[in-house]
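The values are calculated or read from the model by the stated rules, or taken from the named source; none is laboratory data. Everything numeric here is computed off the predicted structure, so don't read it as measured data. All Cβ positions, glycine included, derive from the backbone under ideal geometry; neighbour counts span all protein chains shown. What goes into the accessible areas is simple: the full protein's heavy atoms, side chains included, and nothing from ligands, DNA or RNA. Shrake-Rupley method; radii C 1.70, N 1.55, O 1.52, S 1.80 Å.
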Amino acid sequence: GGGVSVYDSEVDARHRERAGLADEVRRLLRAGHGRMAREVVLHYQPQVDLVSGRVVGVEALVRWQHPVRGLLPPLVFLPLVEELGLMQLLTDHVLRRAAVEAASWRHDGVPLRISVNVSASCLTHPDLLPLVDEALAHSGLAPGRLVLEVTETTLMADPDLALAVTHALTRRGVQLSIDDYGTGYSSLAYLTDLPATELKLDRAFTVRVLGEPRTADIVEATVALAHRLGLRVVAEGVEDEATRAVLRGFDVDESQGYLHARPLAPGDFTRWLAALPCPARTAEVVGAETG
Ligand code: C2E
Ligand code: MG
Ligand code: MG
Ligand code: MG
């Protein structure tokens, strides 16, 4: 009847829309660095040390400044990039740009870390290691200032290869972060084998620490476990002061979220950074990192 055909035409329209966007994604990524430099936009979100209050790192988050559709969030186009098998091209661009931009950033004289998200297909792609080497050499960024964020699901795709690549990365001094921690599988197994330096507690936990005692217990115990294994803990999605205070009480090292800043366009980020007070000139910071 009519209802079914209306439904069909809506589904058709959605399929056409998706196929159209996929075509555009393909053209964008095949056009090379020139067009990507105009339309692929990196926003930067600070990571703040919970004890000193200093900005210590930044996560690069990709957006597509589409000429007609406006600024598109990653969840709209990244699945298409992945389906098209073109994620390596995007990562190549993002990593080079992020490394160059980050190489000049300092807060209070201290260079910042830059975190870049790497998907499963990229982590185990043969081009990743040469790309990382080139991005570091070209930007002058110290390897220890580069953090690659991978999810547990990413690692699950090909565990043996993922392990080999992550060891090759850490031999170069590049840091590895387990992103969205707590939402995937086999967390404990990975914690023992992976040469990670950071664990990013998923926002799903962050938003529940205030209202759910059992979640709070899990977070507190997870932080203790991570520290025991020598990992730094970053909480994502911190939106309010009360949450920050609880996380600090649980010994979480760093927080990232709207409380500090939304992901910012490069110019906005450097202005935001320049407007910060200098904590090293206050009495609060004792024994802060200097190098
Ligand atoms: P993610 O790596 O877990 O990044 C954190 C996401 O949480 C970002 O969404 C960020 O804007 C958002 N966020 C940060 N603070 C808050 C907060 O206080 N409240 C709330 N509600 N959200 C917050 P975004 O930018 O939309 O990115 C979504 C995902 O897309 C990322 O999740 C990451 O998995 C992926 N992604 C982003 N950039 C890249 C990239 O260059 N390469 C790859 N492979 N994936 C990327
Ligand atoms: Mg991330
Ligand atoms: Mg995350
Ligand atoms: Mg997340």
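For the stretch 164-216, chymotrypsin sites (Phe, Trp or Tyr not before Pro) are listed when DSSP marks them as loop and at most 13 other Cβ atoms sit within 10 Å of their Cβ; the list is Y185. One way to sum up the overall shape of the chain is the equivalent ellipsoid from its Cα gyration tensor, whose semi-axes run 32, 24, 21 Å, largest first. Per-residue ellipticity at 222 nm from helix content only, as computed over the chain with -39500 (n - 2.57) for each DSSP H run of at least four residues, stands at -15000 deg cm²/dmol. Residues whose amide H falls under 5 Å from that of E149, counting only those 5 or more places apart or on a different chain, are V116, N117, V118, S177, with hydrogens built in the peptide plane.
Quick one: net charge around L131, please, counting Lys, Arg +1 and Asp, Glu -1 for every other residue with C-beta under 11 Å from its C-beta. Summing Lys and Arg as +1 and Asp and Glu as -1 gives -3. Scanning the chain for GluC sites (Glu not before Pro) that sit in a DSSP loop and have at most 16 other Cβ atoms within 10 Å, the longest stretch containing none of them is 1-238. Under 5 Å from the amide H of G57 lie the amide H atoms of Q47, R113, each residue being 5 or more positions distant or on a separate chain, with H modelled from the backbone and absent for Pro and chain starts. Expressed as a whole percent, the accessible surface of the chain that belongs to carbon and sulfur atoms is 55, based on a 1.4 Å probe. Principal axis extents of the Cα atoms in the stretch 1-151, from largest to smallest and rounded to whole angstrom, are 68, 35, 28.
Divide the volume of the convex hull around the Cα atoms of the stretch 114-157 by the residue count and you get 63 Å³ per residue.
Among the trypsin sites (Lys or Arg not before Pro) in the stretch 32-85, those located in a DSSP loop and surrounded by at most 16 other Cβ atoms within 10 Å of their own Cβ are R69. Across the protein chains, with a 1.4 Å probe defining accessible surface, the residues W105, W272 rank W272, W105 from largest area downward.
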